[in-house]
Amino acid sequence: MKRSTAKEMMDSPDNPHELLENDLRNLRTINRYLGNYRSVLRGVARLVDEYKLRHFSLLDVGAGSGDIPATIARWARRNSLSAELIALDPEPVTVRAAVNQTRDFPEISVVRGDGLALPFGSGSFDFVLSSQMLHHFSEEAVVAMLKSWSKVARRAIIVSDLVRHPVAYHGIRLLTRAFTRNIMTRTDGPLSVQRAFTLKEWHELFERAGIGSFRLFPTFPFRQITLISMAD
């Protein structure tokens, strides 16, 4: 299954607001039931435990409607941890949705900004998180972003993303057609899998970035989470 370079509907700047807002709701459902929340929390929990932190800061690049930072904030509260979380996204409609989703979490700040040019100084955060974002970009852009983020992350970068596979493609195609009529979700769901990298390709990208040692964990269904420790 060759990687697609077609542009996802979400990446277009002129989407109708209602269409995008409904797609974001669908993505929150997909994140919840297809394991992305669990995968991200396992990665964050592993790092917090390894570094023996009671307080941590995290930047979520391409945070969408803020459901991942909200999930992390709930987990931190349950575990008596102090968290400082930034949800970063370039799309104004998405930023507004993130503000609404995170109203009950003063530990989360929502910032409109570009993941290709982070508006933060060196070593600003313990962790930088990319969840379901990097598959939107070319290999060259992925490597460039990882190198850029390594300047902002003090301890580690967390990458949670899809793995390209025919079963994943046909599965999400059937699923999105069963539960929504939203054309963006129906189009971008399967296309996201086509735009994703295989496990081998993910491994090669992290090696090319050369920013530190990394641990890549395959997760169910057809996802991976990688923890990249910052080189000394």
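Points to keep in mind about this one:
- Selection status of residue 114, surrounded by fewer than 16 Cβ atoms within 10 Å (Cβ to Cβ) and not in a loop (DSSP other than H, G, I, E, B): no
- Any hit, region 13-20, residues being out of contact with any Phe, Trp or Tyr (no Cβ under 9 Å at 6 or more places or on another chain) and closer than 25 Å to residue 217 by Cβ: no
- Test: residue in region 12-31 that is on the phi > 0 side of the Ramachandran plot, surrounded by 16 or more Cβ atoms within 10 Å (Cβ to Cβ) and part of a loop (DSSP other than H, G, I, E, B): no
- Subset of region 149-186 (residues that are closer than 20 Å to residue 223 by Cβ, touching a Leu at 6+ places or on another chain (Cβ under 9 Å) and part of a strand (DSSP E or B)): 156, 157, 158, 159, 160, 161, 163
- Restricting region 204-232 to residues that are polar (S, T, N, Q) and closer than 16 Å to residue 34 by Cα, the residue that is surrounded by the fewest Cβ atoms within 10 Å (Cβ to Cβ): 219
- Residue within region 27-48 that is farther than 20 Å from residue 224 by Cβ, out of contact with any helix residue (DSSP H, G or I) (no Cβ under 8 Å at 6 or more places or on another chain) and without any contact (Cβ under 8 Å) to a residue 24 or more places away in the chain present: no
- Residue 65 in contact (Cβ under 8 Å) with a residue 40 or more places away in the chain, part of a strand (DSSP E or B) and among the small types (Gly, Ala, Ser): no
- Residue match in region 128-148 (condition: at pLDDT below 95, in contact with a Gly (Cβ under 6 Å, 6 or more places away or on another chain), surrounded by 16 or more Cβ atoms within 10 Å (Cβ to Cβ) and not aromatic (Phe, Trp, Tyr)): no
- Residue within region 49-62 that is at pLDDT 95 or above, touching a Ser or Thr at 6+ places or on another chain (Cβ under 8 Å) and loosely packed, with under 13 Cβ neighbours inside 10 Å present: yes
- Count - residues of region 187-211 that are part of a helix (DSSP H, G or I) and within 19 Å of residue 228 (Cα to Cα): 11
- Note on region 72-102: residues that are part of a helix (DSSP H, G or I) and among the polar types (S, T, N, Q) amount to 3.
- The set of residues in region 201-226 that are of a type in the set (Val, Ile, Thr) and farther than 17 Å from residue 137 by Cβ comprises 219, 225.
The values are calculated or read from the model by the stated rules, or taken from the named source; none is laboratory data. What you see is a predicted model, and the numbers here were worked out from it, not measured in a lab. Here the Cβ is made from the backbone with ideal geometry for all residues, glycine too, and neighbour counts use every protein chain on show.
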